[in-house]
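Visitor: Pasting in a structure now, in structure tokens, and then I'll have a few things to ask.
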Amino acid sequence: MSKRRYVISSVTLSCVIVLAILSFTVLQNQNHSVGKIAIQVPRASLIEPSGPIVEPPKLLNDARLLCEKSSNIQVDLCTSLTVKYVYGLPLIVMNNTRSKLGCLIGVNKLFSTSKLANSNSRTVVAPNDDTLYSLAFLDLRKSAIELSIPKVSSRYINFQLMDMYTNTFADIGTLTQNQGGKKYIIVGPGYKGLTPIGWSLIKAPTPDVWMLGRSAVYGGMDVQNVIQLQKSYKMSPLALPGYQLSGGPSSMMCGPGSETDLSSTEVFPEISKLMALDPPPSYDSKTVTLIDSISHIPSKSISNSMYQRAISLGSQLIHSPSSQPMVWAKMPVAGTFGTDYEQRAFIALHGLGAQVSSQAVYFSLSVNNPGASVFTLRFSKSQLPPLGPVGFWSVTLYSPNLFFYPNAKNRYSITSHTGSLNFD
């Protein structure tokens, strides 16, 4: 049987290999398999539904069990603080990302990169080098945002809109272009006005939004073509009659001290501040009630050791899905998380901006102390990832920090459009 063979070299003691499959197009709403792993491809949607909602959320029980096992501790207080840390960590990560990038490009301004990511790139965790990024941080408190993109059928493009809790609430691009057209208006929560004729309305769950665009690049010679395409992406504030939203000022800060250390006790008051400025969805009410149950306790009366214990226990709950050594594991939930707060926090730390499964599917394989410098990956023709007309897959090698592993050839991935593939 004809097979494709891919060889990846590594001199690190540990590494992470990620297989990403983007854009299924005509293969949506069907069952497929990659190797021995079965996958179901949901139909892409312009407006993304919330992730799985479970009552009571698993985090509440998991946190309490850990606190009950701890000695000399107030279980109720420990549980509330641990839940608050895990629940609010994505807010901190998103706010830190905005402080780092948004302060460079400005608010409500679209910025597009003109170079593929490399081993020095730190824009997003687990980047890829087969798309050029376009990004914007939106503040929808005072005005709506208009976005215009051309209808593209010859390559994969997608603009992913995320709320401050890292949930994807809309996807605009190749897979959803027939659901909306070319022009979109993005408004904040609570907007009740009319939609101008010829535009598609997208309501954001939070006043602050991160928009992350991806435009596929089919090899280095294709970069200039994508740069020209990016010039046709248009975004600007839009004055709608009677546009007015409730809520406080923007939480965005720039300069020294604008980023919060995730291991510092300062995360707890910062989470409270961010939740007030970007209120959580209604299905989080039970979790928010538990977090608020300690709001009457003066922070100074809670010991530093209690805060640190909650951070330690919360970090234990934020972990990678278990898998056998050297076995591909599919990311269980990505893009929109519902009440799976532990997975949401994990992705915020290790894959911020991961897409929903109708746009991309991710598999990872971790290698610890491999002992060899060469790995060979083989896929039979029947096991190659299923693709639509503009779809592609990539196998990417990351260092343990989930940024590209630097190497002399500056090759970070092998993709479905790599020109020098070996065939048995």
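Visitor: From the phi angles alone, apply the Karplus equation (6.51, -1.76, 1.60; θ = phi - 60°) to the range 127-135 and give each ³J(HN,Hα) in whole Hz, x where the residue is Gly or Pro.
Guide: x, 10, 10, 10, 9, 9, 8, 10, 9
Visitor: Between N410 and C103, how high is the FRET efficiency from 1/(1 + (r/R0)^6) when r is the Cβ-Cβ distance and R₀ = 30 Å? Nearest 0.05. Spell out each step's value before the answer.
Guide: On the way: r = 29 Å, r/R0 = 0.98.
Approximately 0.55, to the nearest 0.05.
Visitor: I've got another one for you. Among the listed pairs K58/K286; K142/K192; K100/K330, which have their C-alpha atoms separated by more than 19 angstrom in this model?
Guide: On the way: K58/K286 12 Å; K142/K192 14 Å; K100/K330 30 Å.
Correct reply: K100/K330.
Visitor: OK, next. So for E266, E48, fewest C-beta neighbours within 10 Å to most, what's the order? Walk me through the numbers before you get to the answer.
Guide: Details: E266 14, E48 22.
Fewest-to-most ranking of E266, E48: E266, E48.
Visitor: Would you kindly derive the ³J(HN,Hα) couplings of the range 262-269 from the backbone phi angles with the Karplus curve 6.51 cos²θ - 1.76 cosθ + 1.60 (θ = phi - 60°), listing them in order in whole Hz, with x for Gly and Pro?
Guide: So the J values, rounded to whole Hz, are 5, 9, 8, 5, 5, 4, 5, x.
Visitor: Could you calculate the FRET efficiency of L201 with V54 from 1/(1 + (r/R0)^6), where r is the beta carbon distance between them and R0 is 30 Å, rounded to 0.05?
Guide: Values: r = 30 Å, r/R0 = 1.00.
Between L201 and V54 the formula returns 0.50.
Visitor: Fully extended, how many nm does the chain gain between S312 and N118 (0.36 nm per residue separation, minus their Cα-Cα distance)? Don't skip to the end; give the middle numbers.
Guide: Details: separation 194, 0.36 × 194 = 69.84 nm, distance 3.29 nm.
Net length gain for the segment: 66.5 nm.
Visitor: Stretch S70-S232 to full length: gain in nm at 0.36 nm per residue minus the Cα-Cα span? Write down the numbers at each step before the final one.
Guide: Values: separation 162, 0.36 × 162 = 58.32 nm, distance 5.69 nm.
Result for the pair: 52.6 nm of gain on full extension.
Visitor: Let me ask something else about it. For the range 104-238, with the dipole built from +1 on Lys and Arg beta-carbon atoms and -1 on Asp and Glu ones, taken about the Cα centre, which of Y191, M211, S114 lies farthest toward the positive end?
Guide: Y191
Visitor: Most exposed first by the Cβ proxy, i.e. fewest other Cβ within 10 Å, how do K182, K109 rank? Could the numbers behind the result be given before it?
Guide: Values: K182 17, K109 14.
The fewest-first ordering by Cβ neighbours comes to K109, K182.
Visitor: In debye, nearest 20: dipole of the range 104-238 around its Cα centre with unit charges on the Cβ of K, R (+) and D, E (-)?
Guide: Values: 14 positive and 8 negative charges, 77 e Å.
Value, rounded to 20: 380 debye.
Visitor: What number, in percent, do you get for the relative contact order of the range 104-238 if the mean sequence gap of Cα pairs under 8 Å and at least 6 apart is divided by its residue count? Kindly include the intermediate steps, with their values, before the conclusion.
Guide: Numbers: 258 pairs, mean separation 45.5, N = 135.
In percent, rounded to a whole number, it is 34.
Visitor: If you don't mind, another one. Just how far, in whole angstrom, is the range 124-147 from the range 170-230 if you go by their alpha carbon centroids?
Guide: So the two Cα centres are separated by 9 Å.
Visitor: Amide H to amide H, which residues 5 or more places from S250 or on other chains are under 5 Å from it, using H placed in the peptide plane?
Guide: HN-HN under 5 Å from S250: empty list.
Visitor: So how do R155, R411 line up by other beta-carbon neighbours within 10 Å, fewest first? Before the final figure, lay out the partial values.
Guide: Numbers: R155 19, R411 14.
In increasing order of surrounding Cβ atoms, one gets R411, R155.
Visitor: If you don't mind, another one. Residue by residue, what Karplus-based ³J(HN,Hα) values in Hz, rounded to whole numbers, does the range 155-160 have, using 6.51, -1.76 and 1.60 with θ = phi - 60° and x for Gly and Pro?
Guide: 7, 7, 9, 7, 10, 9
Visitor: Here is a further query. Quick one: which of 85-92, 49-56 comes out on top by average Cβ neighbours within 10 Å, and what's the full order, highest first? Each step should come with its number before you reach the end.
Guide: Details: 85-92: 25.4, 49-56: 12.8.
Output ranking for 85-92, 49-56: 85-92, 49-56.
Visitor: Between S200 and residues 5 or more places away or on another chain, which pairs have amide H atoms under 5 Å apart, with H built 1.01 Å from N, and which residues are they?
Guide: Here K183, Y184, I185 satisfy the definition.
Read-outs throughout are calculated quantities, based only on the coordinates presented, and are distinct from any laboratory measurement. Computed from a prediction, not measured in an experiment: that's the story for all the values here. We place every Cβ from the backbone using ideal geometry, glycine too, and count neighbours over all the protein chains shown.
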